[in-house]
Amino acid sequence: MTGDAGWHIYRGTGVQHDGIDRLPPPPPWRHFDGEILPGTEDAGTGVGGARPGTGMRAKSYRPDPNVVDLTNAAIYLRRPLLVTGKPGTGKSTLAHSIAWELKLGPVLYWSITSRAHLQDGLYRYDAVGRLQQANLQRLGQGGPPATDISQFITLGPLGTALVARPRPRVLLIDEFDKSDIDLPNDLLNVLEEGQFAIPELVRESSDQAVRLACEDSSTALVKGGLVRCNAFPIIVITSNGEREFPAAFRRRCLQLTINEPDAAKLAEIVRTQLGDDALRETEALFQDFLNRRDGADLPTDHLLNAVYLAMSGLAPDGDTRQRVVDGLFARPRPGES
């Protein structure tokens with residue numbers, strides 16, 4: 001942390017606190033006024049619901065001062081954070097660390113593929129399920145009325161993040177390099193306006209709020225078919241630096257590059273994840289990784305895997321052990337990350 005850490009909402013220490021409650025109002029051009037409807041479920045605390053091990057990674061993550069500073073700038077300015085770095089540098093873990101430390105509930109996760117579209121992140125409408133329910137009703141087999149369209153709509157990760165709540169949710173948009181060429185531009189309006197409409201609900205608009213299922217198994221109330229945030233979500237968008245994004249998209253984000261950890265940082269990671277004895281007992285293995293990493297993109301988790309095997313007593317000796325290490329520390333082929 002820097003000497004000017006007093007303004008930090010996110011500290012990067014792994015210690016939970018209520019610093020988000022002292023976040024000042026947003027700039028006038030980033031003010032959102034979505035109505036917080038009574039009955040919308042709260043996200044809870046911690047990283048419950050995430051896969052095993054996520055909580056430990058979030059608590060033990062120690063970002064560099066530059067990462068902490070730019071993360072706080074994004075939180076203050078209510079802007080997405082576009083995080084670039086090599087695989088294994090902790091880009092995704094940053095989102096979990098923010099959510100853990102600020103007690104903002106489980107991270108909402110949108111894993112990007114080449115087939116991902118904007119609506120995938122906003123909501124899903126099960127038209128086939130609605131038709132099937134209508135057929136069941138005609139056959140006298142009951143169930144929820146097929147005319148109640150809200151039963152067949154589920155908010156996606158981005159849609160869930162934009163539900164009006166007093167505290168922001170954390171959204172991880174992961175591997176954005178893989179996206180279709182149009183997705184960055186498709187996101188511009190939603191990221192700028194902090195809202196989107198669900199046409200299927202707008203057509204049946206009324207003053208009565210409807211309850212929708214959310215990506216994280218919670219529920220939210222939506223009125224008039226419009227989802228509009230009150231607290232802009234903390235959005236972490238990760239990139240491996242494999243492509244250039246449109247200038248209009250980059251202008252709407254704060255850009256952060258996480259550098260490859262040096263030897264001292266790697267040692268701290270090993271101690272944090274595997275204990276103080278791990279580094280002392282695997283010093284040669286640690287140095288071997290540093291030598292092989294020079295000029296190659298070796299993710300940090302390859303080192304952790306090798307140290308774990310050595311510490312567990314499962315690693316074989318002699319030639320077999322060396323083949324295992326060579327496999328773990330293999331240099332990527334050209335074009336691989």
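The values are calculated or read from the model by the stated rules, or taken from the named source; none is laboratory data. Because the structure is a prediction, the values reported are computed rather than measured. Every residue, glycine as well, gets a Cβ built from its backbone with ideal geometry; the counts of neighbours run over all protein chains shown. For accessibility, only protein heavy atoms count, side chains too; no ligands or nucleic acids. Shrake-Rupley method; radii C 1.70, N 1.55, O 1.52, S 1.80 Å.
General remarks:
- Yes/no for Leu191 being of a type in the set (A, V, I, L, M, F, W, C), assigned to a helix (DSSP H, G or I), open to solvent by less than 10 Å² (accessible area, probe 1.4 Å) and touching a Lys or Arg at 6+ places or on another chain (Cβ under 6 Å): yes
- Residue check, Ser114 small (Gly, Ala, Ser), part of a loop (DSSP other than H, G, I, E, B) and within 21 Å of Phe245 (Cα to Cα): yes
- Residue, modelled with the highest pLDDT, within segment 2-43, restricted to residues that are of a type in the set (Gly, Ala, Ser) and within 19 Å of Ala164 (Cα to Cα): Gly34
- Pair list, Cβ < 7 Å and 6+ apart or interchain, from segment 285-296 residues that are more than 12 Å from Ala330 (Cα to Cα) to residues that are at pLDDT 80 or above and surrounded by fewer than 17 Cβ atoms within 10 Å (Cβ to Cβ): Leu290/Ala263
- Residue under evaluation Ser217, criteria (1) assigned to a helix (DSSP H, G or I); (2) out of contact with any helix residue (DSSP H, G or I) (no Cβ under 7 Å at 6 or more places or on another chain), criterion not met: (1)
- Breaking point among (1) modelled with pLDDT of 95 or more; (2) open to solvent by less than 60 Å² (accessible area, probe 1.4 Å), for Ser150: (1)
- If you go through segment 99-129 and keep only what is within 14 Å of the chain's Cα centre (by Cα), open to solvent by 10 Å² or more (accessible area, probe 1.4 Å), closer than 17 Å to Gly159 by Cβ and not polar (S, T, N, Q), you end up with Pro106, Val107, Tyr109, Trp110.
- Members of segment 49-64 that are at pLDDT 75 or above and part of a loop (DSSP other than H, G, I, E, B): Tyr61, Arg62, Pro63, Asp64
- Restricting segment 156-185 to residues that are assigned to a helix (DSSP H, G or I) and polar (S, T, N, Q), the residue that is least open to solvent (accessible area, probe 1.4 Å): Thr160
- Taking first residues from segment 218-238 that are farther than 26 Å from Leu70 by Cα and at pLDDT below 95 and partners that are in a strand (DSSP E or B) and open to solvent by less than 10 Å² (accessible area, probe 1.4 Å), the Cβ contacts under 7 Å between residues at least 6 apart in sequence or on separate chains come to Thr219/Leu212; Ala220/Leu155; Ala220/Leu212; Val222/Leu212.
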